[in-house]
Amino acid sequence: MLQQLQDTEEKIYMNRIELAFKNKKAFIPFITAGYPNINKTKDFIYKMVLAGADLIEIGIPFSDPIAEGSVIQESSQKALEAGTNIGNIFELVKNVRKTVLIPLVFMTYINPVFKYGYDNFFKQSSLIGIDGIIIPDLPFEEKNEISSYAKKYDIKIISLIAPTSEKRIEKIAKEAEGFLYIVSSMGVTGIRNEIKTDLTSILASVKKTTNIPAAIGFGIHSPKQAKEMAKISDGVIVGSAIIKIIKQYGNKADDYIYDYVKSIKTAINN
């Protein structure tokens, strides 16, 4: 019996991302670590979990986040000004992991990872319970720069498929792991009133190639939008709308984040 329990625990640990999508549409909120400070980031993550988040993207602030719109750029800059660094982000995740069981994924850029040292970064990420990593400025064709380190420490590299990917979709999907991040719109992150990309065709191409879950992000902010995106995908990713809540309410944003995450989670599963 003890061995069975240990085997079950190991299976759960090894498949956290897979389990996040199992038999449901996954909601994936994003948060900038250290905005407005590290302690509040921990509180906000707990609120997201309680509200039903299935997987959380933790953004490592960087001085030149080229994939981000003004809202997340500003949060990144303020987090850096508050003294946020990779060391205290690792400590944050380590503390969060004491009670949070859902998958946690880093969203960052190649420069901070390179500066920290590839082997050390992925080793520490694994030790604190990170399940995957998203690096928007690392082209798919160049992911071998980090893939051996990620594989060594069992960190999934989450690939992005953009509207411009076209003939590369099949190639990217074939090598996908964890989940695929489907970029809904051209440009940077940020709230959009309309999403006009032919996402149905993109997702059809993906599904012909792989069984890996595909979640849509960039621009989604309302429960109505989330519900529509969830109809054609396996999950929905929201970032800027949550950061705007933090910008508005600061250290008192906890309950507002809870209510917002709850509203999106309810919408995509009804």
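Values as computed for the structure displayed
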{"read-out": "Filter result for GLY52 (closer than 24 Å to GLY219 by Cα, small (Gly, Ala, Ser) and at pLDDT below 95)", "value": "no"}
{"read-out": "Within region 190-218, considering residues that are of a type in the set (S, T, N, Q) and not in a helix (DSSP H, G or I), the one modelled with the lowest pLDDT", "value": "ASN193"}
{"read-out": "Single residue of region 143-180 satisfying the filter (among the polar types (S, T, N, Q) and not in a loop (DSSP other than H, G, I, E, B)) that is nearest to LEU104 (Cα to Cα)", "value": "SER147"}
{"read-out": "Residue that is modelled with the lowest pLDDT [pool: residues in region 1-21 that are among the hydrophobic types (A, V, I, L, M, F, W, C) and buried (at least 17 other Cβ atoms within 10 Å of the Cβ)]", "value": "LEU19"}
{"read-out": "Boolean, VAL238 is at pLDDT 95 or above and among the β-branched types (Val, Ile, Thr)", "value": "yes"}
{"read-out": "Residue in region 223-258 that is surrounded by the fewest Cβ atoms within 10 Å (Cβ to Cβ), counting only those that are within 18 Å of the chain's Cα centre (by Cα) and not in a helix (DSSP H, G or I)", "value": "ASP234"}
{"read-out": "Count of residues meeting criterion [more than 17 Å from the chain's Cα centre (by Cα) and within 29 Å of VAL206 (Cα to Cα)] in region 112-139", "value": "1"}
{"read-out": "Positions within region 83-104 being free of Cβ contacts under 8 Å to residues at least 60 places away in the same chain, under 19 Å from LEU19 (Cβ atoms) and not basic (Lys, Arg), in sequence order", "value": "VAL93, VAL96, THR99, VAL100, LEU104"}
{"read-out": "Region 22-47, residues that are aromatic (Phe, Trp, Tyr) and either modelled with pLDDT under 95 or not in a loop (DSSP other than H, G, I, E, B) (or both)", "value": "PHE27, PHE30, PHE44, TYR46"}
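For every residue, the table says whether it meets (1) outside any loop (DSSP other than H, G, I, E, B); (2) modelled with pLDDT under 95; (3) closer than 15 Å to ASP43 by Cα; (4) not acidic (Asp, Glu).
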{"position": "GLY83", "(1), (2), (3), (4)": "no, no, no, yes"}
{"position": "GLY87", "(1), (2), (3), (4)": "yes, no, no, yes"}
{"position": "LEU92", "(1), (2), (3), (4)": "yes, no, yes, yes"}
{"position": "ASN95", "(1), (2), (3), (4)": "yes, no, yes, yes"}
{"position": "THR99", "(1), (2), (3), (4)": "no, no, yes, yes"}
{"position": "ILE102", "(1), (2), (3), (4)": "no, no, no, yes"}
{"position": "PHE106", "(1), (2), (3), (4)": "yes, no, no, yes"}
{"position": "PHE114", "(1), (2), (3), (4)": "yes, no, no, yes"}
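The values are calculated or read from the model by the stated rules, or taken from the named source; none is laboratory data. Because the structure is predicted, anything quoted here is derived from the model rather than measured. All Cβ positions, glycine included, derive from the backbone under ideal geometry; neighbour counts span all protein chains shown.
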